[in-house]
C-alpha cells in the first residue's frame, strides 16, 4: 500500500557510493521520493560488500546495504561506455534531484558535473558530497568518515583519554551526519526552486561536517583559547559532568551534572553520603576540580559497590541526569526507541518481522513510507529504461554494447545485495 507523503512524485538519481550520499537519498525515499540508484554493472556500489569487512559484526544478511539503500530501485549502467550517454541524459531530464559523491576529477571525466547536466534540466537540484571540499589541493583526495570527519577535524583527538591511542569509531557516524546536511541542502534547494523556478548546486563535505561537530572547541581555538590537554579519567577537570564510572556488575554510566551546584547536594543526599557535601575538598566546583583525583577515587568506590539497576533506580528517583552506556542487545529493544519509531519494521512480506533504523527527520503531518528491501544490483534496469522511453530494441543494443548487464538478478532473501 503506497503512502502519499511529502516527497511523493519527487524523482531522484542517486549516483553515489558508500554511505553519506546514499544516506541522504534514503531520507528522501523515506518521505516517498522515487530514488533510482545508478551502479556500475558487475560490482555495483562497493558498499554492497562492506558488511563483510572487519570489525563489522559478522552476519549472513547484508544489514549495512539495507540501512542505506532501502526503498530504492537499482539501475546498472556503465557510464564509461559511450552508449550510456543517452541513458544519463534521459535520467537527468527525468530527475528533480541528482546526487553524487564522485571527486571533482572523476565527475569531470564522466561529464556529470553540474555544468554538464544543468543545461539538460535547468530545474535540477544537483547535490554533491566530497571528503575535503570542492576547492583546494585536496579536493580530489579520497575522503572517508574515519579520515576526513574524525581525524582531520580533531574529533578523534579530543574524544580519547590521555594515554590511550585514538579509538576506531562505529563506521558511518560522520557519514550519517553529513547525509543530513546534504539532505538539508537538497530541501533548501527545492524550496529555492519553488521561489525562482531554477535549479542549483548544493554541496556538503565530511571535513566541514567534522568541523561543525567539533565547533564548540574549534571556536575556542579560533578565539585563542589554551587547551589543557587530553582528558584523564582518573583526574578530570569536572568529575561530575561527563565522568564515567563502573558498577559492580561491570556496566558503565556517565554523570551529566552540568548544574553542579544544584546536582551535587541532591546526589550526596540520594546516596546517603552527606559527608561528601561537608568535605571541604568537594565543597564547590573549584575545589572539586582541584581534588578531582580524590573525588573520582571516592565515586569509583561508591558506584562499584552496587549493580547498574540499583543506580538507575537511585538516580532516577532523585531526578539526576546520567546516561547508561548501553550494549547492542539493549539498544535494539530500547522501549524509548521503539515508542518514537527510531526502530521501525521492514516491509518485506516475510512472516518473521525484521527491523531497521529510521532516519532522524520526522514530520508528524507527513508520515513516512514503510521501509522496503534494498535492491539487488541492476534489479530494476529494464523497468527504469522502459520508463525513460527506451524500446526493446534499444535496450537490447545497450545490452549488446555492454552498457547494461545481460541478466536481471533475482531478489536476495538476505535483505538485498548479499552474495
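A short reminder: the numbers here are calculations on the coordinates, not readings from a lab. Keep in mind that what you see is a predicted model, and the values were worked out from it rather than measured. In this analysis, Cβ positions are derived from the backbone assuming ideal geometry, glycine residues included, and neighbour counts consider all displayed protein chains.
Compute the whole-percent fraction of alpha carbon pairs in segment 191-267 spaced more than 16 Å apart. Considering segment 191-267, 73 percent of its Cα-Cα pairs are separated by more than 16 Å. Which residue, 90, 386, 372, has the most motion in a Gaussian network model of the chain that connects Cα atoms within less than 10 Å? Between 90, 386, 372, it is 386 that shows the largest mean-square fluctuation.
Distance from the C-alpha centroid of segment 77-112 to that of segment 1-76: 18 Å, rounded to the whole angstrom. Sorted from fewest to most neighbouring beta carbons within 10 Å, what does the list 102, 144 look like? Exposure proxy ranking, most exposed first: 144, 102.
Across the chain, the relative contact order, built from alpha-carbon pairs under 8 Å that are at least six residues apart, equals 21 percent.
The calculated FRET efficiency for residue 325 paired with residue 220, based on their beta-carbon distance and R0 = 35 Å, is about 0.85.
Only helices enter this figure: runs of n ≥ 4 DSSP H residues, each worth -39500 (n - 2.57), summed and divided by the residues of the chain, yield -10000 deg cm²/dmol at 222 nm to the nearest 500. Using r as the Cβ-Cβ distance of residue 80 and residue 334, and R0 as 60 Å, what FRET efficiency do you calculate, to the nearest 0.05? Using R0 = 60 Å, I get an efficiency of 0.85.
For the options 11, 111, 262, a Gaussian network treatment of the chain with springs between C-alpha atoms closer than 10 Å singles out 262 as fluctuating the most.
Here the extension length gained between residue 393 and residue 361 equals 7.2 nm, from 0.36 nm per residue of separation less the Cα-Cα distance. Our note on the geometry: Cα centres of segment 274-314 and segment 141-220, 37 Å apart.
For residue 184 and residue 134, the FRET efficiency from 1/(1 + (r/R0)^6), where r spans their Cβ atoms and R0 equals 25 Å, is about 0.90. Potential lengthening of the chain between residue 297 and residue 275 amounts to 6.4 nm, from the contour at 0.36 nm per residue minus the alpha-carbon distance. By the Kirkwood approach, averaging reciprocal distances over each pair of separate Cα atoms, the chain gets a hydrodynamic radius of 24.4 Å. Model label sites at residue 106 and residue 164, defined 7 Å from Cα along the beta-carbon direction, differ in position by 3.4 nm. Each listed q (0.19, 0.23 Å⁻¹) maps to a log10 I(q)/I(0) for segment 29-93, found by the Debye formula over equal Cα scatterers with no solvent: -0.84, -1.02.
Highest mobility in the GNM of the chain, judged by mean-square fluctuation with C-alpha springs under 10 Å and restricted to 271, 207, 36, is found for 271.
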